[in-house]
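The values are calculated or read from the model by the stated rules, or taken from the named source; none is laboratory data. Values in this document were obtained by computation on a predicted structure and should not be read as measured data. Note that we place each Cβ from the backbone using ideal geometry, even for glycine, and neighbour counts take in every protein chain shown. Surface areas here come from the heavy atoms of the whole protein model, side chains and all, with no ligands, DNA or RNA. Shrake-Rupley method; radii C 1.70, N 1.55, O 1.52, S 1.80 Å.
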Amino acid sequence: MKLKILYFGVTADITCKDSESVSDIPDTNSLNDMLIGLYPELKNANYRIAVNLEMIKENTVMKDGDEVALLPPFAGG
């Protein structure tokens, strides 16, 4: 199973990447733990997770080909 991770704002600054691919991640909690292991500064960063353009509020099971975005806080109007 392969996922595409997109980074924006502070998460892109921390990772020094706009995107990357990861494999064999079962859910968003596992993904977040893995990313914090790779990029420890993410632990203190403020961001939300979106899966396939949908903001999530709880752990979400991942499927092959899912696109996950790490989004900083933003305001709309």
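Looking only at the chain, where both bridge partners belong to it, what percent of the DSSP beta bridges are antiparallel (to the nearest 5)?
Numbers: 12 of 16 bridges.
If we restrict to bridges inside the chain, about 75 percent are antiparallel.
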I want the local charge near ASN29. Using Cβ-Cβ distances under 13 Å, sum +1 for each Lys or Arg and -1 for each Asp or Glu among the other residues. -2
Accessible area (Å², per residue) of the chain, counting only protein heavy atoms and a probe of 1.4 Å: 63
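Over the chain, with every protein chain in place, what whole percent of the accessible area is carbon and sulfur at 1.4 Å, could you tell me?
Its accessible area is 51 percent carbon and sulfur atoms.
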Length gained if ASN59 through LEU6 is fully extended, taking 0.36 nm per residue and subtracting the Cα-Cα distance, is 17.3 nm
Reciprocal of mean inverse Cα separation for the chain (Kirkwood radius, Å): 12.5
Quick one: order SER30, SER23 from most to least accessible surface, probe 1.4 Å. SER23, SER30
Given H placed on each backbone N at 1.01 Å, which residues far from PHE8 in sequence or on other chains put an amide H within less than 5 Å of it? LEU70
Unit charges at the beta carbon, dipole of the chain: most positive-side option, ILE36, MET55, LEU3: MET55
Between VAL22 and PHE74, what FRET efficiency follows from the Cβ-Cβ distance if R0 is 30 Å, with the result rounded to 0.05? 0.80
Accessible-area order (highest first, 1.4 angstrom probe) of the listed residues PHE74, PHE8: PHE74, PHE8
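Could you give the size of the charge dipole of the chain about its Cα centre, using +1 on the Cβ of each K and R and -1 on the Cβ of each D and E, expressed in debye and rounded to the nearest 20?
Values: 7 positive and 12 negative charges, 25 e Å.
The calculated dipole for the chain is roughly 120 debye.
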